[in-house]
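In what follows, a single structure is set out as C-alpha cells and then discussed.
The values are calculated or read from the model by the stated rules, or taken from the named source; none is laboratory data. Bear in mind the structure is a predicted one, so any value in this text is a computation, not a measurement. All Cβ positions, even for glycine, are placed from backbone atoms using ideal geometry, and neighbour counts span all protein chains on display.
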Amino acid sequence: MPSHEHARGASREPWDAGRAAGIIAEHAHREGATLPILHALQETFGYVDGEAVPLIADALNLSRAEIHGCLTFYHDFRAEPAGRHTVKLCRAEACQAVGADALHEDVLRRYDVAWHGTTRDGRVTVEPVFCLGLCACGPAALVDGEPVGRLDLDTLADALTERAA
Amino acid sequence: MSITLYLPKDAASLALGADRVARALTRAAQARGLDVELVRTGSRGMLWLEPLLEVATPEGRIAYGPVRPGDIESLLDAGLAEGGAHRLRIGRPEEHPYLARQQRLTFGRCGIIDPASVEDYRAHGGYRGLEAALAAGPAGTVEAVKASGLRGRGGAGFPTGIKWNTVMLAQAPQKYVVCNADEGDSGTFADRMLMEGDPLTLIEGMTIAAVAVGATRGYIYCRSEYPHAFAALETAIAAAERAGFLGADVMGSGRAFHLEVRLGAGAYICGEETSLLESLEGKRGIVRAKPPIPALKGLFGQPTLVNNVLSFAAVPWILEHGGPAYAAYGMGRSLGTLPIQLAGNVKRGGLIETAFGLSLREVIEDFGGGTGSGRPLRAVQVGGPLGAYFPDTLLDTPLDYEAFAAKKGLLGHGGIVVFDDTVDLARQARFAFEFCAAESCGKCTPCRIGAVRGMETIDKVLAGESPRENLALVTDLCEVMTDGSLCAMGGLTPVPVMSALTHFPEDFSGRGAKLPLAAE
Ligand SMILES: Cc1cc2nc3c(=O)[nH]c(=O)nc-3n(C[C@H](O)[C@H](O)[C@H](O)COP(=O)(O)O)c2cc1C
Ligand code: SF4
Ligand code: FES
C-alpha cells in the first residue's frame, strides 16, 4: 500500500536505519525515486526520520539539501510520528458549504487539539486537507485513510472506534 | 439459483457506508442460504442515492437506494432477487431522470462494470478505440482527436489534438505520456470516479495517446488524497498487462507502452503541469517557466504529452465513433461532453455528463433540486478554488468556456459548488487568499507575498478598519497578482476574490464580523 494514511499504530515499526536503507534500495532504481521512497518510509515508520535524508541522498546521488527540500515542500510528509489514528478533515469550499468550518471548531474543541496536533493521549492526530473528492457528501474526512462522508461529531467518534476495533 | 448484485466501492460510496452494506448482505445471504454473487462496481454518480444496490433481473438491472445495513433484511423479504417492490426501489437506473437526461460518452461504463476486469470492459465495448487507433495510425489518430474539438478538461481548455500533434512531430530518443490525476480543485471528483469506476478507459486513452505520439513510457500522477483511486489504477494496470493491452507488445501491434502510477504528496500546485513534472522527477514542485513547453521539453527534458484524466478518457469514444460524432455535441467552441460535478449545499449532488451548453440554473435546479438545506441559494462557485463566485442573477450562463470567460469566471474542471444564504462571501474571499498562501510554490513574489497581504487586508476590512481604503488595496493587490504571477495559482486567485467583491459587496461592509479559524 502506498500511503502512510493506511498505517495504523499497530502496524508501524520503530525507526531503524538499516531497515530504511533496505527500503530505499528497493526503490532507488526507479525514475525520479524520491517521492516513492519518502512514501514507502512513511508507510513503514509513520514518519520520515531526519536520519533518512543522507541515506536517500547517497542512494540517489542527490544533495541532502534536495531531499530535505522535498521533505518540507510536500504537506504529506511528517518529521515525527503521528498519533495512533490520523483524521484528515476537508477544509475546502464544497465542505464549507455544508458547515465544515463550524464542525471543525467543534472537533478541535472536543478532542482538545489544534490543526496538525495530536491529542494528549497520543490517540488522534488532526490534519487539514483541501478536498477529498467527496464534495457531494461533505463534510468529508479520511480516518486512517478510510473515507467518511456527512461527517459530524458522532460519525467521527464511530469511525475512530471502528478503526480501533 | 444464483443472484447477481452490484454495489459500488468507490470512495464516495464507501464514505456513505457501502462496505457495511456489503457485510450485512453477505451475512444475511448466508443465514438464508442464498447464493449471491456481489460485484463491486464504481458509482453511477447519483450520490444522494449511495449506497445504491442493484440486482440483475431479466428486465435489466433494478436499483435500490440509499441502502443502509438495516435495510437488507426487508429488501430480501421484499424479493430483492426479482427486483421486488420496496420503499427504496428506484427502478432501472438508466431510466432515472438524472441519468436519462445525460449523454454519457466518457462515463458510459462507470458504475456498470467491474473496474478490475478486462473481460467485463471488453464486453462493454472496451478497447475498440485502441483497435481503431492502431488501424488509423498515428497521424490518423491525431486527426480524429483534432476533428473531435476536444479541449483539455484539466482547466485550461487547450485543444488536445494540437498538443498531440506537437508531441508526435517532436524528435527524441524517449517520449512520455503523463496523466494529470492531481484533481486538486475543490468541488471536483470526476477524475476520481472514473479512476475508481472505469480505470481501463483512462488506460486505453493513454495507450492510444502513446501509440499516436510515439511514447513508450507513461505515468499517472495521482494525488495522495485518493488512496482508493491509486489502488484501482494499480489493479487495472496489472490486469491490462496480463491481457496484453500494456507492456512490450500492445495488442499484438509490436508497440511497447509501459505505464506506472505515481502518488503525489499533498501539494495543490503539483496539479500545474510543470510542477507535476518536477514532482515526478523527484523534486520539489516548483513551477517551471514556459517556454519550453512540456510537449517539447517535459519529463526529464523529453517531449511529454500531459493531459487531464478526462481528456484521455474521452479519446476511446472519439476513436471508436469518429471525431465528428463527438463534435456533434456541445456549442460554439466547447464541443463534446463535459462531466459536471455538482457539489456542496445541493439536494442531489453527483456526476452529470452532458453536452456543453446547459445553463447553471438547469444543472442546479433540474438536476440538483436546489439547495440541500432548503434555504435560498445565494452563491455558486464554478471551477474550483480559482473559480468565480456567481450570484443568482448569473445562473443563466451556459456551461461553455467562452460564456464563462465573458462573465469573468471559468469552467475549470467542471466543478459546481452551491452555497445557501448562510454563506459569507468576505470569508470566502479571505479563504481564497489563505489557500493561495498555503499552496503557492513560492517562486514569484506577487503570489507568495500577495496572498498573505490579501488575507491580512481582508481581516482589516472585516474588523471594520478603514474598509474603503483596504478594499481598494485588495483590488490593487489582485491586479498585481493577475499581471505578475508566473502561473494561474497566483494569476487566478483574484478571480474568486474579485467576483465576491463585485457581486456581493454587502458582505464586505466591515461589520466587525467574527473572524474565521486561524490560518494553519
Ligand atoms: C494551480 C494549478 C492547478 C492545476 N491543477 C490541475 C489538476 O489538478 N488537474 C489537471 O488536470 N490540471 C490541472 N491544472 C492544469 C494543468 O496545468 C494543465 O493545463 C493540464 O494538466 C493539461 O491537460 P489538459 O489539456 O488535458 O487539460 C492546474 C493548473 C494550475 C495553474
Ligand atoms: S504564481 Fe504562485 S504557484 Fe505559480 S509559480 Fe508563482 S509562486 Fe508558484
Ligand atoms: S471540498 Fe471537501 S471533499 Fe471536496
Q: Answer with yes or no whether residue B:191 is within 16 Å of ligand 3 (Cβ to nearest atom) and not in a loop (DSSP other than H, G, I, E, B).
A: yes
**Q.** Entirely in segment B:24-134, the strands (runs of 3 or more DSSP E) that have 3 or more residues that are buried (at least 16 other Cβ atoms within 10 Å of the Cβ)
**A.** B:35-41, B:53-57, B:60-64
Q | Of residues in segment B:348-365 being surrounded by fewer than 18 Cβ atoms within 10 Å (Cβ to Cβ) and in contact (Cβ under 8 Å) with a residue 40 or more places away in the chain, the one farthest from the other protein chains (Cβ to nearest Cβ) | A | B:357
Q | Enumeration of residues in segment A:148-158 that are within 13 Å of chain B (Cβ to nearest Cβ), assigned to a helix (DSSP H, G or I) and touching a residue at least 24 places away in the same chain (Cβ under 8 Å) | A | A:156
Q: Out of B:241, B:320, B:272, report the one residue that is away from chain A (no Cβ under 12 Å), in contact with a Cys (Cβ under 6 Å, 6 or more places away or on another chain) and of a type in the set (D, E, K, R).
A: B:272
**Q.** Matching residues, segment A:61-75, being more than 16 Å from ligand 1 (Cβ to nearest atom) and surrounded by 20 or more Cβ atoms within 10 Å (Cβ to Cβ)
**A.** A:67, A:70, A:71
Q | From the options A:54, A:36, residue that is in contact with a Lys or Arg (Cβ under 9 Å, 6 or more places away or on another chain) and surrounded by fewer than 18 Cβ atoms within 10 Å (Cβ to Cβ) | A | A:54
Q) Limited to segment A:117-143, what total is found for residues that are at the interface with chain B (Cβ under 7 Å from one of its Cβ atoms) and surrounded by fewer than 20 Cβ atoms within 10 Å (Cβ to Cβ)? A) 1
Q) So which residues in segment A:16-68 are basic (Lys, Arg) and within 11 Å of chain B (Cβ to nearest Cβ), if there are any at all? A) A:30
Q. Assuming residue A:98 fulfils every condition listed in (1) assigned to a loop (DSSP other than H, G, I, E, B); (2) modelled with pLDDT of 95 or more; (3) more than 9 Å from chain B (Cβ to nearest Cβ) apart from one, which condition is it?
A. (3)
Q: List every residue pair whose Cβ atoms sit under 8 Å apart, with the two residues 6 or more apart in sequence or on different chains, where the first one lies in segment B:460-489 and is within 14 Å of chain A (Cβ to nearest Cβ) and within 15 Å of residue B:450 (Cβ to Cβ) and the second, anywhere, is assigned to a helix (DSSP H, G or I) and within 16 Å of ligand 2 (Cβ to nearest atom).
A: B:489/B:268; B:489/B:269; B:489/B:386; B:489/B:436; B:489/B:439; B:489/B:447
Q. Of (1) touching a His at 6+ places or on another chain (Cβ under 8 Å); (2) in contact (Cβ under 8 Å) with a residue 40 or more places away in the chain; (3) assigned by TED's automatic domain parsing to the domain that holds residue A:153, residue A:78 satisfies all except one. Which?
A. (3)
Q | Hits in segment B:417-440 - residues which are within 8 Å of ligand 2 (Cβ to nearest atom) and surrounded by 24 or more Cβ atoms within 10 Å (Cβ to Cβ) | A | B:436, B:440
Q: Output the residue which, of all residues in segment A:84-95 that are more than 7 Å from every other protein chain (Cβ to nearest Cβ) and part of a loop (DSSP other than H, G, I, E, B), is surrounded by the fewest Cβ atoms within 10 Å (Cβ to Cβ).
A: A:84
Q) Can you pull out the residues in segment B:274-287 that are within 12 Å of ligand 2 (Cβ to nearest atom) and either surrounded by fewer than 19 Cβ atoms within 10 Å (Cβ to Cβ) or in a helix (DSSP H, G or I) (or both)? A) B:274, B:275, B:278, B:286
Q) Does residue A:129 fit the bill of being within 16 Å of ligand 1 (Cβ to nearest atom), at pLDDT 95 or above and touching a strand residue (DSSP E or B) at 6+ places or on another chain (Cβ under 6 Å)? A) yes
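Here's the yes/no breakdown for (1) within 11 Å of another protein chain (Cβ to nearest Cβ); (2) in a loop (DSSP other than H, G, I, E, B); (3) surrounded by fewer than 24 Cβ atoms within 10 Å (Cβ to Cβ); (4) touching a Cys at 6+ places or on another chain (Cβ under 9 Å):
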{"residue": "B:157", "(1), (2), (3), (4)": "no, yes, yes, no"}
{"residue": "B:165", "(1), (2), (3), (4)": "no, no, yes, no"}
{"residue": "B:168", "(1), (2), (3), (4)": "no, no, yes, no"}
{"residue": "B:173", "(1), (2), (3), (4)": "no, yes, yes, no"}
{"residue": "B:187", "(1), (2), (3), (4)": "yes, yes, no, yes"}
{"residue": "B:196", "(1), (2), (3), (4)": "yes, no, no, yes"}
{"residue": "B:200", "(1), (2), (3), (4)": "no, no, no, no"}
{"residue": "B:204", "(1), (2), (3), (4)": "no, no, no, no"}
